[in-house]
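Below: the structure, in structure tokens.
Bear in mind these aren't lab numbers, they're just calculated from the coordinates by the rules spelled out. Everything quoted here is computed from the prediction, not taken from an experiment. Glycine also receives a Cβ, built like all others from the backbone with ideal geometry; neighbour counts cover every protein chain displayed.
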Amino acid sequence: MTDVLIEQVVYQKTENVVVHPTVLLSIVDHYNRVASGTSKRVVGVLMGNYENKICDITNCYAVPFEEDPEEPDIWFFDHIYHEQMFNMMRRINVKEKIMGWYSSGPQIKRNDI
């Protein structure tokens, strides 16, 4: 049984975005474990739901990510790990959907998009 990663995206006006504290702590922990003191970046997925014009970010998970610092067009995002984590997360909370992503660094890079 395979869950569908991609659902139809429908634009809805958002008035508020709520990021739960455990999400922020998980992102900081991810950075401290993997990239603290280096020039590496960390990447992960933000999960939650949208209801009553409120985007509620309730969970997240880190995804293995590497990029070549000398050649920005060469990068690796472990999509198999991502699919496995997404399927496990959906078993825990069926209402949560992928709401976006996070990455560390001083600026948005081409690989982020």
Worksheet item: Considering only 102, 77, 64, whose Cα is most displaced toward the positive end of the charge dipole of the chain, charges sitting on Cβ of Lys, Arg (+1) and Asp, Glu (-1)?
Response: 102
Item to complete: Quote the FRET efficiency, to the nearest 0.05, computed for residue 36 versus residue 12 with a Förster distance R0 of 35 Å and r equal to the Cβ-Cβ distance.
Response: 0.45
Worksheet item: Roughly what angle does helix 21-34 make with the longest principal axis of the chain, taking Cα atoms, 0 to 90 degrees, to the nearest 10?
Response: 20
Worksheet entry | Distance in nm between pseudo-label sites at residue 109 and residue 93 (7 Å out along the Cβ direction from Cα) | 3.0
Response to the item:
Answer in debye to the nearest 20: the dipole magnitude of the chain about its Cα centre, from +1 Lys/Arg and -1 Asp/Glu charges placed on Cβ, is 420
Item to complete: Could you tell me which GluC sites (Glu not before Pro) in region 17-113 are loop residues by DSSP with no more than 14 other beta carbons within 10 angstrom of their beta carbon?
Response: 70
Practice prompt. Calculate, in nm to one decimal, what residue 68 and residue 51 gain on full extension: separation in residues at 0.36 nm each, minus their alpha carbon distance.
Written response: 2.2 nm
Worksheet item: Once every DSSP H run of n ≥ 4 in the chain is given -39500 (n - 2.57) and the sum is divided by its residues, what mean residue ellipticity at 222 nm do you get, rounded to the nearest 500 deg cm²/dmol?
Response: -8000 deg cm²/dmol
Response to the item:
Taking a ≥ b ≥ c as the square roots of the eigenvalues of the Cα gyration tensor, with a/c under 1.5 meaning rounded and otherwise prolate when a/b exceeds b/c and oblate if not, region 16-105 is prolate
Discussion item. I want to check the label-to-label distance for residue 25 and residue 78. Put each point 7 Å from Cα in the C-beta direction and report it in nm to one decimal.
Written reply: 2.4
